[in-house]
1. Determine, from the Cβ-Cβ distance of residue 223 and residue 77 and an R0 of 35 Å, the FRET efficiency 1/(1 + (r/R0)^6), rounded to the nearest 0.05.
2. Give, in nm to one decimal, the length gained when the segment between residue 119 and residue 57 is fully stretched (0.36 nm per residue of separation minus the Cα-Cα distance).
3. Semi-axes of the equivalent ellipsoid of the stretch 114-229: what are they in whole Å, largest first, if each equals the square root of 5 times a C-alpha gyration tensor eigenvalue?
4. Rank the residues 210, 186, 200, 170 as a footprinting-exposure proxy: fewest other Cβ atoms within 10 Å of their Cβ go first.
5. Does anyone have the angle between helix 152-180 and the longest principal axis of the chain? Alpha-carbon axes, 0 to 90°, nearest 10?
6. Determine by what factor the alpha-carbon radius of gyration of the stretch 1-118 differs from 2.2 N^0.38 Å, reporting the quotient.
7. Counting pairs of Cα atoms in the chain, how many percent are more than 22 Å apart?
8. Using a simple spin-label model with points 7 Å from Cα along the Cα→Cβ vector, what separation in nm is obtained for residue 134 and residue 184?
Amino acid sequence: MVAPWLLVLSWLGIAVAAVSAAWLVIDIYGRGYRPPMAIMGIVWPVTALYFGPVAVWAYRRWGRPKSSRWQREHGREPDEAPRWAGPALGTSHCGAGCTLGDIAAEFAVFLLGAELLGSTLLAEYVGDYVLALVLGIVFQYLAIAPMRGLGLRRGLAEAAKADVLSLTSFEVGLFGWMALMSLVFFPHPHLRPDHVTYWFLMQVGMVIGFATSYPVNVWLVRKGIKESM
């Protein structure tokens, strides 16, 4: 069903991403380079699940220098990040909620054998979006509320305002790729979440989702709806 070269590439892609995420967890929690915004300690490893070494590079450049340990070791504040980096970090924050929601929903739909209007893909869309929305708002609340000193109700409202459009644009890119996976690349039989190539292709889809969400995050930051990170 899957070409040998794609199977090898899939295992390689998943392995590199897993090692990248593990390295980030060790560096943040084991070595003590904890970010001042606690939720980013989760965002960085989750981002590595689909961006792999790119996430490690971005963390070493803009994530680790924000930690108090790095600043004590170097005796200075970190260099100012380029203007495009802030929205990119915001996109990764949104993407982490999407990624965790997608992983949980994909396995749930698979294990339950769920369908919507006779379509597994539609069931995946609904499950992915709902869980991604819930986790995305929670992630955004944990970022916005401490920075703005907001209570629970106001914080959740502002988190939803900042994250719904960003999250939706991420899922638009991912869902388009999932349609290609299901209807074009592997129509019969469909790939399922119990196959490594499924998750390798989902990594690709999440990178595409990042690309479709980034311009929206730039706009949200410019309008002051979302914080630059």
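Read-outs: derived from the displayed coordinates by stated rules, not from any lab. Given the structure is predicted, the values throughout are model-derived calculations rather than measurements. No Cβ is skipped: glycine too gets one built from the backbone with ideal geometry, and neighbour counts run over all protein chains shown.
1. Calculated value: 0.80.
2. That pair, residue 119 and residue 57, stretches by 18.4 nm at full extension.
3. Value: 31, 15, 11 Å, ordered largest first.
4. Ascending number of Cβ neighbours within 10 Å: 186, 200, 210, 170.
5. On a 0 to 90 degree scale, this one is about 40.
6. 1.28
7. That fraction is 53 percent.
8. 3.2
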